[in-house]
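What follows draws every value from the coordinates through simple rules; no lab data is involved. Keep in mind it's a predicted model, so treat the numbers as computed, not measured. We place every Cβ from the backbone using ideal geometry, glycine too, and count neighbours over all the protein chains shown.
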Amino acid sequence: MKEINDMQGMAGQARHDKSAMGHTLKGTGADHDKFKMKGAQSLIEALLHEGVDTIFGYPGGQAIPIYDALYDYKDKLNHILVRHEQGATHAAQGYARVSGKVGVTLVTSGPGVANTITGIADAMMDSTPIVVIAGQVPSNLLGTDAFQEVDVIGVTLPISKWAYQVRHAEEIPWAVARAFYIASTGRPGPVVLDIAKNAQVGIVDYRPVSIDHIRSYIPVPDMEPERIAEAAQLIDAAQKPLALVGQGVILGNAEKELLDFLRKADIPAASTVLGLSALPSDEPLNVGMLGMHGNVAPNLKTNECDVLIAIGIRFDDRVTGDLNSYAKQAKIIHFDVDPAEIDKNVKVDIPILGNAKETLAAVVKLLKENKHTAWRDEFKAPWEKEIQVVINKELHPGTGPLTMGEVVHKVSEATGHDAVLVTDVGQNQMMGVRYFQFKQTRSVVTSGGLGTMGYGLPAAIGAKFGAPERTVCLFTGDGGLQMTIQELGTIMQSNVDVKIILLNNDYLGMVRQWQELFWQERYSETLMQNPDFIKIAAAYNIPGRLVSEREELDEAIREMLETKGPYLLEAKVVRKGMVYPMVPAGSAVTNIILG
Amino acid sequence: MEEINDNQGIAGQARNDDNEKTLYTITIFSENMVGLLNQVTIIFTRRGLNIETLSVSPSAIEGIHKFTITAFSERDDIEKIVKQIDKRVDIVKAYYNTDEDLVFQEIALYKVSTQKLLSLDSIEGIVRRYNARILDMTEVWVILEKTGHYDETQALFKELSEKIGVLQFIRSGRVAITKSKVERLSDMLAAMEEKLNRKPTIHNY
């Protein structure tokens, strides 16, 4: 055992060796590597050094030096001018979710950065790697209630993975390197850099900085071989194993390892909303979606399986319902990169810390080949029931007004089930994730944890920049669309090819649904008087079409997909549509309302 | 100067409410960065947990600060809180202990009237019984110091305030040392150093 005095030595060294602070200076050190430049320019250089090619932002007083520096980098850095800073953060999220890269937002101080709060909180809940760069008043004015000053660090600390105030120009390359390292490693999340004006205009000798460790930060905990062996043993012995797939699989690039795992042991798997598209929709082992509006079979079987294998999920209450009756019969194995998720909501028998890509591969190596034919067959009956009672009615209503589900289904079909699905929040979201289908990973962009209305339109813009070769379909509602509708201006100015499908029922549909089911049909403030959305789109030079007849739907979808550039398809859907099945909030996952 | 009569105080009240809960001592090692305390306290705020005592100072390891926080809680909650603190990027290590694992002290200062103190039968008796000491005195006041556990510093407060009144009173947060031989942080830092040295190349981002 080491004694305290020895540690002193280590500390003394740390003082002199900046690498102990996670600060590794790269570059050759030759004079030609040094460039005298303003802090603002060093920020742009540092962003380029991180591989950034797209920024979503909005200028303002305390960010002018950065925007001025940006002016000389137009050929290297594509800045997308949004219409509201919230939109910039959601766009960065959409970009990050489909591309796997860090999304970047650039805004000014005070109201500018205050407007990013919703996006930062959203990215924190959904583990989305974004870096929000905000201008700040000069250091000498900090704390004086200066014009457009807000305590950014104080406000964003609880909702970000890391928040740091830069007060000196020399700190910028280091802070940027650290921000990207933190945002993108381990369990990803939002990072906020608050850059004082004086740091932006101060002169630095720029040298690129790269960071590959921070001493106080363990992004991926070490894998524990004993646990891996225990898990393999338990899975081998399982008669009725069920795997739950979360976004951790996608964030860890573990899609292939997941399939290997499921196939080798013949385990049926269900996804959380954010885990969707990790498995292709037509994968035979894919038994659907979990949670409040998930599929009947996996929800029921959660409480019948003997071993529950949760991979990169955080047991959100919308997935588990009542915890006291959740999977009590099962042994639970939990794969996660974040130790704080272990036992947070559900007590687990075997925690497997680490990156799913590595931990799954390690378990697969030890697993026996297995067959669970009888168990897998048990999923068929509840599936049949759901198809009969819920899905057929929603997708093939025959007569009456358009349903939300049929619109989603037809768009998914028309895109060959290979488009990126972006949703807003509410009924449009649940219908979107229920009925859109996926062929490849990273195909779902939705606000899962925070449930942010207004997320959809800007997130779709970001998604298009993140995956320019893919078709991006946004499903939104009349409520959510109007929360960030100004981003139609961004779509116009940057000619963003986003297919917007507005499921318009003139209601805040999900709240209305709850009012109908649980609040005695007292529709308090959920009815909306809406504008002519097609005219609004037209004002932004975005073509569109209003569809209310079933016969027109296919043709309208074709027109939308054949149109180059953005398009608004407004579907007048059934006014009091319901999303079923539904597990009421706080009740057991087996307590399912089918309609 | 007014005397402090209500020797229970708000803290005493809170203690009574938390009777069924255990007092946990949370030890946190962190980088010395602006806003670190805030990063720690917001995690208590979110879960609605009161901090009973708090003490922060540079640790034995240069550049690293040590927090000692006590709070009444249930084990399940304290475990989650500690994990969430540990998860913060600038926190090097966080863990929790119960009193049995620790040697701990608080320090208390008492200002009393010199005249009233002299009126006691035996100043020596009090000082000796409580193992207190006199730090400073004037014609008007005397400052006593006592280190010990909460109950011990509280007992002296109670006796003084009942007998002669206390003009001013302050008690520090707890400082604690684990009964194990080494700070756990040293193992962790050593392991990290080793891990870094094992790395073949540093890759660029």
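Quick notes on this one:
- Average other protein chain Cβ within 10 Å of Cβ, residues B:144-155: 0
- The stretch between A:E358 and A:K564 holds 70.0 nm of extra length on full extension. This uses 0.36 nm per residue minus the Cα-Cα distance.
- Chain A - percent relative contact order, Cα under 8 Å, separation 6 or more: 14
- Reduced Cα scattering model of region B:39-99, Debye log10 I(q)/I(0), q = 0.13, 0.15 Å⁻¹: -0.33, -0.44
- Within 10 Å of the Cβ of each residue in B:85-97, the mean number of Cβ atoms contributed by other protein chains is 4.
- For A:I352, nonlocal amide neighbours, meaning residues 5 or more places apart or on other chains whose placed amide H falls under 5 Å from its own, are A:H334, A:F335, A:D336.
- Calculated FRET efficiency, B:I143 to A:N530, Cβ-Cβ distance, R0 = 56 Å: about 0.15 to the nearest 0.05.
- Separation of region B:17-52 from region B:163-178 is 20 Å, based on Cα centroids.
- Stokes-Einstein diffusion coefficient of region A:284-331, Kirkwood radius over Cα pairs, 10 °C, 1.306 mPa s, in µm²/s: 143
- Region A:528-586 and region A:171-231 have their alpha-carbon centroids 42 Å apart.
- Label positions at B:D151 and A:W519, each projected 7 Å from the Cα along the C-beta direction, are separated by 5.2 nm.
- Gyration tensor (alpha-carbon) shape descriptor, region A:20-210, a/c threshold 1.5: rounded
- When the square roots of the Cα gyration tensor eigenvalues are ordered a ≥ b ≥ c, the ratio a/c for region A:401-572 is under 1.5, which makes its shape rounded.
- In this simple spin-label approximation, B:E162 and B:N32 carry label points 7 Å from Cα along the Cα→Cβ vector, and these lie 4.5 nm apart.
- The protein assembly as shown shape via C-alpha gyration tensor axes, a/c threshold 1.5: prolate
- FRET efficiency estimate (nearest 0.05) - Cβ-Cβ, B:R75 to A:A237, R0 41 angstrom: 0.85
- A:N295 long-range amide H proximity, modeled H, under 5 Å: A:M289, A:L290
- Zone residues, region A:264-281, relative to A:D418, backbone N less than 11 Å from point 7 Å out along Cα-to-Cβ: none
- Projected over all directions and averaged, the alpha-carbon convex hull of region B:105-171 occupies 3.8 nm².
- Calculated from backbone phi, Karplus (6.51, -1.76, 1.60) coupling profile of region A:103-113 in Hz, x at Gly/Pro: x, 10, 10, 10, 9, 8, 6, x, x, x, 6
- Cβ-Cβ distance of A:A539 and A:Y73, R₀ of 30 Å, FRET efficiency by 1/(1 + (r/R0)^6): the value works out to about 0.40.
- Average Cα contact separation per residue, region A:401-572, under 8 Å, 6 or more apart, as relative contact order %: 23
- Under a 5 Å amide H cut-off, with hydrogens placed 1.01 Å from N, B:K21 pairs with nothing among residues at least 5 apart or on other chains.
- Loop GluC sites (Glu not before Pro), region A:486-595, which have at most 16 other Cβ atoms in a 10 Å radius of their Cβ (DSSP): A:E521, A:E525, A:E549
- Region A:296-319 and region A:87-155: distance between their alpha carbon centers, rounded to Å: 34
- Between A:K385 and A:I593, the distance separating the two model label sites (each 7 Å from Cα on the Cα→Cβ line) works out to 1.8 nm.
- Here the Karplus relation 6.51 cos²θ - 1.76 cosθ + 1.60, evaluated at θ = phi - 60°, turns the backbone of region A:337-351 into coupling constants of 8, 10, x, 5, 7, 6, 6, 5, 10, 10, 6, 10, 7, 10, x Hz, with x for every Gly and Pro.
- Radius of gyration and maximum dimension Dmax of region B:58-205, Cα, Å: 22.2, 76
- Only helical runs count toward this figure. For chain A, summing -39,500 (n - 2.57) over DSSP H runs of n ≥ 4 and dividing by all residues gives -10500 deg cm²/dmol at 222 nm.
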